[in-house]
Amino acid sequence: MALALDSASKARILDFVRPLSVGLDGMTNYGFVERRIRISDFLEGEEGEDRPSGGAGVDPNRLFLIAAFAGLPSARRITPDSREDLLLRSLRLPLEEIRILVSSLSRIESDPQTPEEKIVHDAMLLESVGAYGVTQILVSGARERMTLAEMANEIDAKMDAVRFATEAGRRLAGERIAYAKDFAAKLRAEAAEFGTPEPLAG
């Protein structure tokens, strides 16, 4: 049975995740949540075109729930009477749906299984590749006082590690990964071009 979730319920969920999503890693803000939902919707449309007739469909409301809560550490441990649990129950979500959401959030990064989980998994990965992902790595690297060469290595490592779960995600990521790796190579070359400056004699 499809999950029932009206526009008012979705608005309440977004209002709830707004303060929880700000500054989790020093960069994340509410716009990232909205962006992830839009990417998930786009990937769902692309996957729908590729899906064979009779294949397992995607529940759009379940997709929304996973995309909205993905990335929030507290949402992975929804316990009775937690803020997340109280919100979801106030929206009259069946307990079975809350259980499904918790299971999805616990495995979405490492082992996505359902069509909805795979789509949100790839939406999250798309945030970490291309110019968008490179910018986040550079901001984080500067905060951690990494050298330019270390940042270049970090970009390469991140691009090599990504594993998309959907064909649509792989298609969309191809050029972005190639751009990021090319940027890393140029950054590494330019950082090494004139060597590391020697400290001035005191």
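A short reminder: the numbers here are calculations on the coordinates, not readings from a lab. This structure is a prediction, so every number in the text was calculated from the model and none was measured. Using ideal geometry, Cβ is built from the backbone for each residue, glycine included, and neighbour counts are taken over all protein chains shown.
If I model a spin label as a point 7 Å beyond the Cα along the Cα-Cβ vector, how far apart are those points for A131 and S90 in nm?
For A131 paired with S90, the spin-label model returns 4.1 nm.
What spacing in nm lies between the two simple spin-label points modelled at L14 and R83, each 7 Å away from Cα in the Cβ direction?
Taking the two extended label points, one gets 1.9 nm.
For region 70-154, run through the GluC sites (Glu not before Pro) and keep only the ones in DSSP coil with at most 11 other Cβ atoms within 10 Å of their Cβ.
Answer in residue order: E144.
Show the residues, 5+ positions off or on another chain, whose built amide H is closer than 5 Å to the amide H of Q113.
Placed amide hydrogens put K118 under 5 Å from Q113.
Only sites in a loop by DSSP and with at most 14 other Cβ atoms within 10 Å count here; which chymotrypsin sites (Phe, Trp or Tyr not before Pro) in region 99-202 make the cut?
Here the chymotrypsin sites (Phe, Trp or Tyr not before Pro) that fit, given the DSSP loop and packing criteria, are F194.
Give me the aspartates and glutamates in straight-line cross-link reach of K118: C-alpha distance below 14 Å, same-chain residues under 8 apart excluded.
D41, E44, E46, E47, D59, E109, E167
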